[in-house]
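Visitor: Dropping a structure here in structure tokens format, bear with me for questions.
Here, each number is a calculation from the coordinates, and none is a lab measurement. A quick note: this is a predicted structure, and the numbers were derived from the prediction, not measured. All Cβ positions, glycine included, derive from the backbone under ideal geometry; neighbour counts span all protein chains shown.
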Amino acid sequence: MRKKGYFLSLVFLSLIFSLPAEVKAEAIKSTNYAIDLGELTVTASKIEQAYRHSTQNISIIPNNELSSMGAIEVSEVLNLLPSVDVVEYGTYGAVRSLRTRGTYPQQTLTLIDGRPINTPRDGLTDFNQVPLSNIERIEVVRGPASTIYGANAVGGIVNIITKTGQDKMHTEVLSKFGSFSTKQTSLSHGNKIGKLNYFLAYDYLASHGHRDNHDYLSHNANTKLGYQINENNHLTVSSGYFKSKAGSPGPLNFPDLDNRLDTFKKYIDLTYRGKFVEEQDLYIKLFHNIDRMEFVWTPDPINKDAHQTKIYGADAQISHTFFDIFRTAAGASFQEHRLNSSLSGKPSYNLKGAYLESETDFWGNGSLKFGLRWDDYSNFGDRLNPSASLNFWLFDKIKLHALAAKSFRAPTFNDLYWPVEDWGLPALWWPFFGRGAQGNLDIGPEKATSFEAGISGYFFDKFKTDLTFFKTEFKDLIEWVLNPNTFWWTPDNVSSAKIQGAEFETEFALVEHLKANLNYAYLEATDKQTGKWLIYRPRHLYKLKVFYSPTKNYEVGITTIYKTKRFTDTNNTVNLPSACTVNFSFNYLLNESITFLFEVKNLFDRQYQEQQGYPMPGRAFYAGAKISF
């Protein structure tokens, strides 16, 4: 399979050197950084609204910023956002999920064009499997959003909006080579012909990895077809396929050179957006996700476990605006989740939900939003989650914002149906180590109540700053505990926690060719029963990214992340030391069609771990080129 990667790269290089001179643009426009408060966002309410009108903290990452940062995977971009901490187990191919404001990875909902992609098997999103070539922009809502999206949006939402074909045909080819024999190649093409538009993307990534049995190979193909029925109505069909093969070496103190992990994903998504009457918007989505994981314990003779999940889903929302100051929206959703596992059998459950949201503008300077959602699960019953939020502008430059909301996370298939594992220990050892492990059909959802308040300032379209205080109290958290009567380890709703803190962000483009973002998060995350610190939560998290383009031909970028120590055990006796990593990127525009790329990851070659026993790679170099025509 790796020969395909070499072949694609050779084809790419031949395209660069055979590109005709006529393709060169008349001039290359210099970078003029600015902050746009009128930029549209859809994630907070599923309907487009200006960024300045949102009552929640939202980060918007446009496509050009993805390119500037020299990222190979989308998690590298998300890791630079305020209060976001990416959970990493190594280099490419290792699991990458994230925590938002100290919540658990399963408590952040990830969407692609509004389609949920958290696997119901374990509730996680592996961002290795999200291709950069297909991304138009990313919207990240920090804070609860169960009022609109239901379960798993406790810490926030990551909504990835994909590209569509435009009026002018556009093709882009990217190829990179680098440390650990890493090869990345992507190809995308889009166009619009009359009322029809289409976009195609393919991504290839291969790496030997920085440890034994840490190799990785993936193929990712996505298509998007749109049809403009008339001026007010649009239909989109998206589909995609992902396949990867990776080594799974385990922690340093218990390495395993035989374990392998194969992953397969497929999806199809049908979305309608439109209106039949003025001031009314209609949104309908039908989707189907397939996620298959095969874990190979030994290759010869082969011994593997296979787990496949399927989701069938439907969402609908209608919204109406009255007198330009009052908007109300009502929606309903249905999903069916199925598991086909070699160990857990073929269980399934379904869920349905309905919600109502209203937003009112007052005095022309602010807005007040209320929401209420009801969800009903066939396996544990129903939940009701209200929310209220507001923003108010002073002198059109300073925004005050606040929110109060309830949210929840549903138990996963692993929580409910983990297969009976008898460890075969003598009965004398059961009180100390347990007899084995199994799932628990009687557990319910995790519940959370959140509050936040903040102040933001926006000046000269070149400077913005925000300070937000937040607090979330959790109850009925799911933890694996040892039953003193049966000596089986089972998950149960036995824990509660409190997470509170503050996040600060300032972004400025005061100099025409310089843009910088500095953010800081302070976190207190404790178990309410024991008073101990929750594992892997740093108290302080600092991030800086700077882009500088002194001439029209090149751009330099530097990103820095510093996090303080994190406890790795619930007794708070073992910790990972503080860590600081710096990445460097350099983009040179030969002309408007050809860009040469160079990146250094972990510039100062720091030795560190994000998870106990899983070392992160040292200094790594990557270089390549991108052509557009």
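Visitor: Using the C-alpha atoms of the range 186-237, what convex hull volume per residue, in cubic angstrom, is computed?
Guide: Numbers: hull volume 4.1 nm³, N = 52.
Here the figure is 80 Å³ per residue.
Visitor: May I ask what percent, to the nearest 5, of DSSP beta bridges between residues of the chain are antiparallel?
Guide: Roughly 100 percent of the DSSP beta bridges within the chain come out antiparallel.
Visitor: Then there is this: So what's the gap between the Cα centers of the range 376-421 and the range 87-148, to the nearest angstrom?
Guide: 15
Visitor: Rounded to whole Å, give me the distance from the Cα center of the range 212-268 to that of the range 469-484.
Guide: 31
Visitor: Multiply the residue gap between Ala404 and Gln529 by 0.36 nm, knock off their C-alpha separation, and tell me the result in nm, one decimal place. Write down the numbers at each step before the final one.
Guide: Details: separation 125, 0.36 × 125 = 45.00 nm, distance 2.42 nm.
Result for the pair: 42.6 nm of gain on full extension.
Visitor: So for the pair Val546, Thr449, with labels modelled 7 Å out along Cα→Cβ, what separation do we get in nm?
Guide: Placing both labels 7 Å along Cα→Cβ, they lie 4.5 nm apart.
Visitor: Can you give the convex hull volume of the alpha carbon atoms of the range 33-628 per residue, in Å³? Don't skip to the end; give the middle numbers.
Guide: Details: hull volume 87.2 nm³, N = 596.
That works out to 146 Å³ per residue.
Visitor: Moving on. Once you have the Cα-Cα distance between Phe463 and Glu136, take 0.36 nm times their residue separation minus that, and quote the gain in nm to one decimal.
Guide: 115.3 nm
Visitor: Here's a follow-up. Starting with the highest mean, order 268-276, 421-429 by the number of other Cβ atoms within 10 Å, averaged over the residues of each peptide.
Guide: Working: 268-276: 16.3, 421-429: 10.1.
In decreasing order of mean packing, 268-276, 421-429 become 268-276, 421-429.
Visitor: Could you give the nm distance between label points at Asn253 and Lys397, where each point is 7 Å from its Cα heading toward the beta carbon?
Guide: 5.6
Visitor: Which loop GluC sites (Glu not before Pro) in the range 235-313, with loop taken from DSSP, have no more than 15 other Cβ atoms within 10 angstrom of their Cβ?
Guide: Working: sites: Glu278, Glu279, Glu294; in loops: Glu278, Glu279.
Passing sites in the range 235-313 are Glu278, Glu279.
Visitor: Also, I was wondering about something else. Pairs of alpha-carbon atoms within less than 8 angstrom and 6+ residues apart define the contacts here; what relative contact order does the range 83-204 have, in percent? Please list the in-between numbers first.
Guide: Details: 254 pairs, mean separation 24.4, N = 122.
Here the relative contact order equals 20 percent.
Visitor: Evaluate the relative contact order of the range 404-443 (contact order divided by residue number), counting alpha-carbon pairs under 8 angstrom at least 6 apart; express in whole percent. Display every interim value, and only then the final one.
Guide: Values: 38 pairs, mean separation 18.9, N = 40.
In percent, rounded to a whole number, it is 47.
Visitor: So how do Val130, Val546 line up by other beta-carbon neighbours within 10 Å, fewest first? Could you put the intermediate results ahead of the total?
Guide: On the way: Val130 24, Val546 14.
Ascending number of Cβ neighbours within 10 Å: Val546, Val130.
Visitor: What FRET efficiency, computed as 1/(1 + (r/R0)^6) with R0 = 35 Å and r the Cβ-Cβ distance, is obtained for Leu368 and Lys168, rounded to the nearest 0.05?
Guide: Details: r = 42 Å, r/R0 = 1.20.
That gives a FRET efficiency of 0.25.
Visitor: Treat each spin label as a single point 7 Å out from the Cα along the C-beta direction, and report the Leu343 to Ile193 distance in nm.
Guide: So the label points at Leu343 and Ile193 sit 4.9 nm apart.
Visitor: Can you sort Phe264, Phe432 from fewest to most other Cβ atoms within 10 Å of each residue's own Cβ?
Guide: Listed from fewest to most nearby Cβ atoms, that is Phe432, Phe264.
Visitor: Excluding residues fewer than 8 places away in the same chain, name every one of the lysines whose C-alpha is closer than 21 Å to that of Lys285.
Guide: Candidates past the 8-residue exclusion: Lys46, Lys163, Lys195, Lys224, Lys265, Lys266, Lys275, Lys310, Lys352.
Visitor: Before rounding to the nearest 500, sum -39500 (n - 2.57) across all DSSP H runs of length at least 4 in the chain and divide by the residue total; then give [θ] at 222 nm in deg cm²/dmol. Walk me through the numbers on the way to the answer.
Guide: On the way: 6 runs with 41 residues, N = 629.
-1500 deg cm²/dmol, from helical runs alone.
Visitor: Can you list the lysines whose alpha carbon is less than 16 Å from that of Lys471, not counting same-chain residues fewer than 8 positions off?
Guide: Partners found: Lys406, Lys447, Lys498, Lys528.
Visitor: Another question about this same structure. In percent, what relative contact order does the chain have, based on Cα pairs under 8 Å that are 6 or more apart in sequence? Provide the component values of the computation, followed by the final result.
Guide: Numbers: 1748 pairs, mean separation 74.8, N = 629.
In percent, rounded to a whole number, it is 12.
Visitor: List residues of the range 517-555, by number, whose backbone nitrogen lies under 11 Å from a label position 7 Å along Cα→C-beta of Lys498.
Guide: Counting only backbone N, you get 525-529, 531.
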